[in-house]
Amino acid sequence: MPYLSYGDLEVYQLAHRLAVEVHEATMELPKFEMFEEGSQLHRSSKSVCGNIAEGFGRRKYKNEFVRFLVYALASCDETRAHLDLLFGTGSLARADLYKQFTDAYDELGRKLQRFLRPVERCHMTRITL
């Protein structure tokens, strides 16, 4: 059965949930980090969702679909890097939250890579992954 909307994609659902959770968690960051690393973290986590949605909207064109899925994967990696920096500098002091997010973004990255493979290999307008 083909997906009708980007919202039907497991990778989008996971990315969206994580972006909301990251947004909520960063409200606890020190004020000075909210305008620097916290802001970057917000943008990169939301970019994962946006790129999945935009790529899905362009799925008729294989190269466009692949390009935006690669952007989503890159934003996922960027989000992971911002989490590492916040934890490394002590601004994200909760080790349990850091581990929860890094594990989840690692999982999302793996799922995005698995989703990307068949799109690259055998592009179809009707996605049946």
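Coordinate-derived values only; no laboratory data. The structure presented is a predicted model; accordingly, all values stated were derived computationally and were not measured. Here the Cβ positions follow ideal geometry from the backbone for every residue, glycine too, while neighbour counts run over all protein chains shown.
Just in the stretch 1-40: which chymotrypsin sites (Phe, Trp or Tyr not before Pro) are loop by DSSP and have at most 11 other Cβ atoms within 10 Å?
F35
In square nanometres and to one decimal, what's the mean projected area of the convex hull around the Cα atoms of the chain?
If I average the Cα hull's projected area over directions, I get 7.3 nm².
What order do you get for T102, T26, T79 when you list them from fewest to most C-beta neighbours inside 10 Å?
Neighbour counts put them in this order, fewest first: T102, T26, T79.
Quick one: helix 37-57 against the long Cα principal axis of the chain, what's the angle to the nearest 10°, folded into 0 to 90?
Helix 37-57 sits at roughly 10 degrees to that axis.
Among R43, R67, R117, determine the one that fluctuates most according to a GNM of the chain built with springs between C-alpha atoms less than 10 Å apart.
Per the Cα network of the chain with a 10 Å cutoff, R117 tops the list.
Long-range amide H contacts for L92: which residues qualify at under 5 Å (H placed 1.01 Å from N, peptide plane, sequence gap of 5 or more or a different chain)?
F87
For L69, L116, what ranking results if the residue with the fewest other Cβ atoms within 10 Å of its Cβ goes first?
Fewest-to-most Cβ neighbours within 10 Å comes out as L116, L69.
If each residue's Cβ is checked for other Cβ atoms within 10 Å, how do D77, D84, D103, D96 rank with the fewest at the top? Mind dumping the intermediate values first?
Details: D77 16, D84 13, D103 10, D96 7.
Going from sparsest to densest Cβ surroundings: D96, D103, D84, D77.
Could you work out which residue, out of A95, A81, A25, moves most in a Gaussian network model of the chain, that is, has the largest mean-square fluctuation with Cα springs under 10 Å?
Result for the chain, Cα springs under 10 Å: A95 fluctuates most.
Suppose every Lys and Arg Cβ carries +1 and every Asp and Glu Cβ carries -1, with no other charges. What dipole size does the stretch 6-121 come out with about its Cα centre, to the nearest 20 debye?
I would put it at about 680 debye.
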